[in-house]
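Nothing in this text is a laboratory measurement; each read-out follows from the coordinates by a stated rule. Keep in mind that what you see is a predicted model, and the values were worked out from it rather than measured. Every residue, glycine among them, receives a Cβ derived from its backbone with ideal geometry; neighbour counts consider all protein chains shown.
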């Protein structure tokens, strides 16, 4: 495939790597010395309260020997130096293993170690041990894990639940299996079909069907209970379509231009004649014809393979132009499938060497009632997808989900309602979630053309979530999409269907992601991170002028906008786009203080672009997939890459660009996508000059990733654009780079040897 103005590789020689040693500061006393005695005694009383609940005469519903589980709260100021609050606890053999809120952590120890800790803090005085007294002052509370922290759902009136019991991370695998044995032996608990497994995120999990009485009992506040979180299993349901008759006799199918492949995790694909050469294989994880209903999977497949304009391709050209091939993973049953079934089907395919070349997976799922995003937690299913993506370098494209709020609220107010918030797995961080736009309207339609669909779910204020949007249809107040929906194929070989939903927007993004990845791989660049970065970097969105949607709300409705394959890999004439892929490593010294590694990546601003009177815009997108924590709490992402821009000022010195915290500079800490854009204007005096500018990347790790040698892969995309007001005076920046700066190699120019440092 020919790309007219291809993007440019940044060579490895342009990456200056350095390290910034971590520093352990002197412990800070957070308590007034005159009040320290009372403060210390309060911590002793709190510890006693935990120990008093370990009376051997009261048998716990579950336990793991003499190990206890509780929570510890720290002062926020103390947490700015992560080694400081934990130092005293580590000396006393207390494990702090999960962060469940901004200042609250989960901890565990044996009974004897907690007794020793209680004795040590009761003997502390500022005069005799200033260091440990200061460490203790960082702790504000030691207490029992409350029931409302363990339970993530309401038991209501149901008699039983399929649920996950998450065990404390500090348990060994044998201890976890022993807990399962204890459950199975106790016939009064009402546990059925239980199994123990270690999730992809590393969590120890017991899965099964449990009675309401057992769920209520196991969530009691008992420090001996190793179950720290109880989460209900989710059921995902396919939606329905509305078929209309069509004639395919005179329609031909073209050739696929790239080796693009998408795995469709859905209800199955009907073997339609138009799909004949586009289905790679079938993995049937249902294996029960009575549970089959191919309508949803077939609709999704048609949009992945042929795109959004299927009807126009048939009517005008009488020829369908396929863009990708698909793998049919049949897992969605007629009456819905559980998150565990979908997760197991994914692992079956991903771990099969036969499918190593498939890196894009489409999950058009809808779970309508979960509110975990508002609660600041991640569901089991989201955690598994993020973990699988990290481990196997997979790009999951998932739906933001559909909501019914438009039935009762006017448009666009329905988009901002609390129950319109994204549901799992739309809150994924190592994949991309997709919202929906309307591409048709009518007098009864709620949205105008180009506006967000009435049913599309939205993210939280301050975040660009969903990540992107595409066309998923329109509807009226009743949810009817006839005449205003999107089109695809039906299980009836003589019909195409019309429907609406984020389920049908996500396939368009999956197709684009697969095409970008396939093109990169054909050019010798095998990087899922780069495919995602280019996709996000290409996304744009312009709100229709007549829309009533507040511009300030767009970030949480459309994310980065609508992605495009050509924009992702083509440089516009007035711009040049550079890319770099690499990994940034962390190191840790013997005192467990992080040494943060910094990458300084050079790109060029031609002198012509820095002439007086010129205006330049720099845009950057960074994408990485970090390891995640086992529990899905506050410490979810275990790695962060900070992004900063440094430029050459009029004195010829390197200066910080002073990126802001506005929505155009989307650089939230621990977020896996970082984006910025900055305009520079050279007045008559001049403010910036040409030459090597730099992007500075700094890695920070925590939890399991805070170890020697942790390496975080990433992809960086930078666009340099001439935005001088007089468009006729703009430069062909891409041509200048190509002719004058040979170190930057167009991606279409394959080279056998990479430039070495």
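What does the extension gain come out to for residue 26 and residue 566, with contour length at 0.36 nm per residue minus their alpha carbon separation? Provide the component values of the computation, followed by the final result.
Working: separation 540, 0.36 × 540 = 194.40 nm, distance 5.43 nm.
Extra length from residue 26 to residue 566 when fully extended: 189.0 nm.
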Extend 7 Å from the Cα of residue 664 along its Cα-to-C-beta direction; within segment 600-622, residues with backbone N under 19 Å of that point are 610, 613-622
Range of Cα positions in segment 242-565 per principal axis (Å), largest first:
46, 45, 44
One checks the Cα atoms of segment 372-494 and finds Rg and Dmax, in Å, of 15.6, 49
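When the Kirkwood radius is taken over all Cα pairs of segment 641-729, what Stokes-Einstein diffusion coefficient follows at 4 °C and 1.567 mPa s, in µm²/s?
Numbers: Rh = 15.5 Å.
Result for D is 83 µm²/s.
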P(r) for segment 112-196: what percent of alpha-carbon pairs falls in each 5 Å bin, starting at zero?
3, 9, 13, 15, 15, 11, 9, 9, 8, 5, 3, 1
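How large is the Kirkwood hydrodynamic radius of segment 532-682, counting all unique pairs of alpha carbons, in Å?
Values: mean 1/r = 0.0548 Å⁻¹.
One decimal place: 18.3 Å for the Kirkwood radius.
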Sorted on mean Cβ neighbours within 10 Å (highest first), peptides 348-359, 432-443, 114-125 come out as 432-443, 114-125, 348-359
How many nm is it between the label spots at residue 18 and residue 608, if each spot is 7 Å from the Cα in line with the beta carbon?
3.3
What ranking do 363, 530 get, fewest neighbouring Cβ atoms within 10 angstrom at the top?
530, 363
For 673, 486, 170, which order do you get if you count the other beta carbons within 10 Å of each Cβ and list the fewest first?
170, 673, 486
Let me check I have the definition right: for segment 149-236, take the eigenvalues of the Cα gyration tensor, multiply each by 5, take square roots. What are those semi-axes in whole Å, largest first?
19, 14, 13
Which of 635, 526 comes first, and how do the rest follow, when ranked by fewest Cβ neighbours within 10 Å?
526, 635
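Using only DSSP helix segments of four residues or longer, with each worth -39500 (n - 2.57), what per-residue ellipticity at 222 nm results for the chain after dividing by its residue count and rounding to 500? Display every interim value, and only then the final one.
Details: 16 runs with 156 residues, N = 757.
My calculation for the chain gives -6000 deg cm²/dmol from helical runs alone.
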Points 7 angstrom from Cα along the Cβ direction at residue 711 and residue 408: gap in nanometres?
5.3
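Over all directions, what mean area does the Cα convex hull of the chain project, stated in square nanometres?
Seen from a random direction, the Cα hull of the chain projects 36.8 nm² on average.
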Taking a virtual spin label 7 Å from the Cα of residue 1 along the C-beta vector, which residues in segment 310-325 bring their backbone nitrogen under 13 Å of it?
322-325
Cα-based Debye curve of segment 33-147 sampled at q = 0.14, 0.20, 0.22 Å⁻¹ gives log₁₀ I(q)/I(0) of -0.56, -1.12, -1.34
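Take the alpha carbon gyration tensor of segment 531-582, find the square roots of its eigenvalues, order them as a ≥ b ≥ c, and report rounded if a/c is under 1.5; if not, report prolate when a/b exceeds b/c, else oblate. Let's see the in-between values first.
Working: a/c = 3.05, a/b = 1.93, b/c = 1.58.
Cα axes put segment 531-582 in the prolate bin.
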Peptides ranked, highest mean first, by Cβ atoms within 10 Å: ranges 175-182, 261-268, 693-700:
261-268, 693-700, 175-182
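R0 = 22 Å: FRET efficiency of residue 79 with residue 598, Cβ-based, nearest 0.05? The partial results should precede the final answer.
Details: r = 23 Å, r/R0 = 1.04.
So, using R0 = 22 Å, E works out to roughly 0.45.
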